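What follows draws every value from the coordinates through simple rules; no lab data is involved. Please read these numbers as outputs of a predicted model, since none were measured by experiment. All Cβ positions, glycine included, derive from the backbone under ideal geometry; neighbour counts span all protein chains shown.
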C-alpha cells in the first residue's frame, strides 16, 4: 500500500515530503524491529534512542522529535503518535471480514429483523423478535436471544451469548465466550438456613455505542431496573459485572475485574486487573485504581487509589506478616514507654 | 394480573382488604420508582421513608411496618417481605420459556434417554447414554456429554458444556458458558524439570437439587473420587472449583471465587467475590468470608473471616506499604528503647 | 486388565513377583479406599500408616518403603510413585474417544487441510485455510478460525474458540470454553477523555507442544508480535494472558491467574491461583509465587515469592487494619521517644 493511502485513515491530513507519498508500506513494526516497508511510531521519549538505528520507511512522531529522525526515514509529524498508530493499525488488520451473508447453517427466527449487509456465520441462532442493524457481524455459534437489539456495525466474535432483551449499541465489539444478560445473583434466604429462593431477574443489559468487551466476560441483567454500560467504555477479558452495575462513559476496566451489584462507576475511570468493587457504592468520575485494588468504599474525588502489598521473597513476607500480627502489642509497648518517660 | 393471582405464588396465604383482590398488578418496582399497577416491598427500615411518597398499588411489609403504610396503598403483611418478593418476582419473569420440543437442528444420540416435556434448543448436542428427566430445558448450543444425567425441571442456558458422566440434580439452573466436568489440574512433574505428566481425571462432578450456577464458571471433575456440590448451593459467575472440592448444603459463593483442589466447604457458608481458598483445607459450617479473602487455613468455628487492606488514595497507600516494610526496624527500635529505659 | 498390561504404560519396565502379572486390576484408588482389584500408590511418607490396612491388590512405592508393604499386596517398586501413578492413570481414563470421523453436522471450509484420522464433532466450524494434523480431535461446537494450525494428537474439548492464525503445537489439550486469539486490550486515548481508539491486534498466539490449557481461559493475540506459550506449559481454568505475554518452557499457572501485557515468565516457574502479574516485567526462570500474589516487579533470581495477609476472624482483622493505618503515627511516636531518651 502507498504511504499516502495508509495515512488516509488519520482524521486530519498530514503533509509529506515530495516523493514520500508513493513509498510502499507493508506493516506496522516497533522501532527496533522495523524493516524497509514498515511504518513505526515514537510514542515516548524513552524509545528515542531506537530511532538512530531504525530501519523503518516512515515513523510517526511529534514536532518536537522531528529533529531526531534520521534522514532516510520519512518523518510524519502528528500531535499524538500513539493515537495515530491506533488509527493506522487497522489498515493492516488481518481479522477476516464477515461475508455479508447469512450462512445457510444459521437459524434465524422468522420474526427477527435483519438489516441489509448483516453477516451471520455458521450455527448462529437468532431468536424471536431480535433486531440486528446494518453492517453488524454475528460470529459462528453466537446466540442472539429473544428481543435482543444490536446496533449498526457491531461485531460479535464467535460464541457470544446475548440473552433475551439485551440492547447493544452501534460500533461495538463483543469478543468470544462473553455472556451478556445472565441472571443477577439475587436470592432471598429461606428460613432456618434451608436454602435460597431465587429472585427473577427482569431487568435488561443496555450497552451504548463504541463499547468494546473482551472474551469470556459475564454481564448480568438487572433485577428490576437495567444494568448499564455507557458509550466508549472498554472492558478486558474475564470481567464480571453484577446486576444493576452502571459504568460511566469512556471508563476502562482491565482483565478479571469484578464489580458487585448496584455499584456505579463514573465517567473516565479506570481500574487495573483483578480489582474488586463491593456492591452499592459510587465511584466518582476520573477515579483510577491500580491492579488488585480492594475497593470497599465509594470515592467522591477524582484521583488514584490503591491497596495491597506487592510480592516479596517469601521469607521476608512471612516475617512481615508475623510483625503485622504483633502490631497490637507494639502499640501497647509504645504506650507503656510513653507513660514511663512521662 | 389480579393481585390475588400474583399472591398465589406465596407458600402461605395472606389476607387482603375487601376489593384489593382484583387490583391489577403489572410489575415489581422499588419503592421510590413504583407507579400505579406496581407492587413493591419494604425489606429494611432504612427505606421506610420512601413509603410516604410511594405510588405503588400494593406493598409487601411486616406487621410492624403496617402502620407506616399510606392509606391508598394495599399493605400485604408477611413475615419476610424480601423472601415474599423473591417468590412473587417469578410471576413477572420475562425469561422465554422452552418450547417443550426438540429442535430439528439438535443432535441427539440414539442411546440418550429424553423424558417427556423436555425442550432442547437449536444446535444442542446430546451424546451417548445421556439421561434427561422431564421438564428439563437444554439451551441452544449446549453440550450434554456421554452418560451425563440431568434431573427434572433443570434448565441449562445456551452454551453450557456438561462433559461426560456429570450428574446434575433436579430444579437446577446452569447459566451460559459454564463448563462442568473439565479435567482437574493434576500433573506429576517429570524428572529434571522436563515438564509434566498429566494424571487422568476419572472422577465425576455430582450436583444436588436446587443448585444454581452462574455464567462462565468452571467446575472440574475429581481425579479419582468426585467433585460434589450439595443441594441448595448458589454460585455466581466466573467461579472456579478445582477437582474434589466439596461444597456443603445451601452455601453461597459470589463471583470470581476460586477454590483449590480437595478443599471442603461446610454447609451454610458464604464467601464474597474474588475470595481464594487454598487446597486441602476444611471450612466449618456457617463460616463466612468477606470479598477477596485469602483463605490459607481451614476454620473450625462458625464466624466471619476477612483479610486484605481496603483501597486508599495511592499516596497514602505507598507510605503505608513503606512503613510496613520497615516494621522490622520499628520492632528493633522499640526493643532498644525498652532496654534503655530499664 | 492384567497388572502386567497396566504396567506397560510406564516408560521403564518393572519386575513383578511370580504370579502377580496376571492379577486383575480394575481401577486406581487412594490407599484408604482401595479394594481388591485396585492399584494404589504411596507418594509421601505421611500416608505410610494407611498401607497397613490397605485392601489394594497392588501398590506403587519406592524401594525405601517396600518393607512397609503388607505381604498380601503386590509391591511395585518405582523411583517416583506419583509420576508412575500419572502414567498408569490413563489406562483407566473414561474420557470418550473421538470417533475419527468428521461429523456430518460439522462445517469444514473446502480450503482447510484435514489430515488422516482427525475427528471433528458435531457443529464444529473449520474455517478457510485451517490446517489440522493427524489424530487431532476437535470437539463439538469448536471454532477453528481462518488459517489456524493444529498439531498432531492435539485435542480440543467442546466449545473451544481458536481465532484466526492461532498456532497450536502437537499433543496439546485445550479445554472447553477457552478462547485463544482474542484481541489484546490495546487502545489509544482520544483527546479530552472522549473515549478510546482501538489498536488493531495483528499478532498471533503461538503455542508449543505438550501444552495443556484449562477451561474458560482467554489468551489474547499479540498487537504486532506474537503471544507465546512454550512447550510443556500447563495452565489451569479461567486464566487470562494478555497480548504479547511469553510463558517459558514447563511453567505452571494455577486457576484465575492474570498476566498483563508484554510480561515474560521464565521457564519452570509456577504461580498459585488468582496471582496477578503487572505488564512489561520479566520473571526469572524457577521463580515461584504463592496464591493471590500481587506481582508488580520482575524477579532476577529463582526463589519463592509471596504477598497478602491471610484471612483471620473479622474482629481481629479490623483491628489490624486500623493499626496499620496508624503506623505512621507509631513511627512518629517512636522517633519522639528516641529523641527524648537521648
q = 0.14, 0.17 Å⁻¹, the stretch A:44-174: log10 I(q)/I(0) [Debye, one scatterer per Cα]
-0.65, -0.77
Cβ-based exposure ranking for B:40, C:13, in which fewest neighbours within 10 Å come first:
C:13, B:40
Shielding of B:329-340 by other chains, given as the mean Cβ count within 10 Å, works out to 5
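Once the cut-off is 20 Å, how many percent of the Cα-Cα pairs in the stretch C:160-219 end up in the long-distance tail?
Tail of the P(r) past 20 Å holds 37 percent of the pairs.
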Which residues in the stretch C:66-83 place their backbone N less than 16 Å from a point set 7 Å from the Cα of residue C:53 along the Cα-to-Cβ direction?
C:70
Along Cα→Cβ at 7 Å, what distances in nm separate the residue C:24 label point from those on the other copies, shortest first?
7.3, 7.3
Largest first and in whole Å, give the semi-axes of the stretch B:236-342's equivalent ellipsoid, each being the square root of 5 times a Cα gyration tensor eigenvalue.
36, 18, 12
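Mind ranking B:24-34, A:316-326, A:179-189 by how tightly packed they are, going by the mean number of other C-beta atoms within 10 angstrom, highest first?
Details: B:24-34: 17.6, A:316-326: 15.9, A:179-189: 24.6.
Result, highest mean Cβ count within 10 Å first: A:179-189, B:24-34, A:316-326.
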So what are the radius of gyration and Dmax for the Cα set of the stretch A:18-91, in Å?
10.9, 30
Quantify how strongly other chains surround peptide B:74-82 by giving the mean number of their Cβ atoms within 10 Å of each of its Cβ atoms.
1
For chain A, modelled as a Gaussian network with Cα springs under 10 Å, which listed residue fluctuates most, A:177, A:273, A:315?
A:315
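Once you have the Kirkwood Rh of the stretch B:177-290 from its Cα pairs, apply Stokes-Einstein at 20 °C and 1.002 mPa s and quote D in µm²/s.
Values: Rh = 14.0 Å.
Approximately 153 µm²/s, per Stokes-Einstein.
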Return the single residue from C:202, C:268, C:68 with maximal mean-square fluctuation; model: Gaussian network over chain C, springs between Cα atoms under 10 Å.
C:68
√(5λ) per eigenvalue of the Cα gyration tensor, the stretch B:269-309, largest first, Å:
15, 12, 8
How high is the FRET efficiency between residue A:68 and residue A:282 when r is their beta carbon distance and R₀ equals 51 Å, given to the nearest 0.05?
0.65
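How much space per residue, in cubic angstrom, does the convex hull of the C-alpha atoms of the stretch A:197-241 take up? Spell out each step's value before the answer.
Numbers: hull volume 2.8 nm³, N = 45.
Roughly 63 Å³ of hull volume per residue.
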Cut-off 17 Å, label 7 Å out along Cα→Cβ of residue A:128, residues of the stretch B:73-113 by amide N
B:92-104
Over the Cα atoms of the stretch B:1-56, what radius of gyration and what Dmax do you get, in Å?
11.9, 30
Could you sort C:143-150, B:238-245, B:301-308 so that the peptide with the highest average Cβ count within 10 Å comes first and the rest follow in order?
B:238-245, C:143-150, B:301-308
Zone of residue B:44 (label point 7 Å along Cα→Cβ, backbone N under 19 Å): which residues in the stretch A:267-310?
A:277-283, A:295-299
Shortest-first nm distances, residue C:297 label point to equivalent points in other copies (7 Å, Cα→Cβ):
2.9, 2.9
Taking Cα atoms of the protein assembly as shown, Rg/Rh with Kirkwood Rh, to two decimals?
0.98
Taking only the C-alpha atoms, wrap a convex hull around chain A and report its volume per residue in Å³ as a whole number.
242 Å³
Considering only DSSP beta bridges where both residues belong to chain C, give the percentage that are antiparallel (nearest 5).
5 percent
State, to one decimal in nm and shortest first, how far the label point of residue C:336 sits from each corresponding label point in the other identical copies (label point: 7 angstrom along Cα-to-Cβ).
2.0, 2.0
Return the distance in nm (one decimal) between the two label points of a simple spin-label model at residue C:94 and residue C:32, each offset 7 Å from Cα along Cα→Cβ.
2.2 nm
In whole percents, the bins of 5 Å from zero upward hold the Cα-Cα pairs of the stretch B:222-286 as 5, 20, 30, 33, 10, 2
Sort C:331, C:289 so that the residue with the fewest other Cβ atoms within 10 Å of its own Cβ comes first and the one with the most comes last.
C:331, C:289
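Residue by residue through A:143-150, how many Cβ atoms from other chains fall within 10 Å of the Cβ on average? The partial results should precede the final answer.
Working: counts 10, 0, 7, 3, 2, 0, 0, 0.
Mean partner shielding for this stretch: 3.
Take the alpha carbon gyration tensor of the stretch B:111-180, find the square roots of its eigenvalues, order them as a ≥ b ≥ c, and report rounded if a/c is under 1.5; if not, report prolate when a/b exceeds b/c, else oblate.
Values: a/c = 1.22, a/b = 1.07, b/c = 1.14.
Rounded.
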Taking the beta-carbon count within 10 Å as an exposure proxy, list C:231, A:116 from fewest neighbours to most.
A:116, C:231
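Mind ranking A:100-107, A:130-137, A:220-227 by how tightly packed they are, going by the mean number of other C-beta atoms within 10 angstrom, highest first? It would help to have the intermediate numbers written out before the result.
Values: A:100-107: 15.6, A:130-137: 21.2, A:220-227: 24.2.
Per-residue mean Cβ counts within 10 Å order the peptides as A:220-227, A:130-137, A:100-107.
Kindly provide the helix-only [θ] at 222 nm of chain A, computed as the sum of -39,500 (n - 2.57) over DSSP H runs of four or more divided by all residues, to the nearest 500 deg cm²/dmol?
Details: 5 runs with 46 residues, N = 342.
After summing the helix terms and dividing by the residues of chain A, the value is -4000 deg cm²/dmol.
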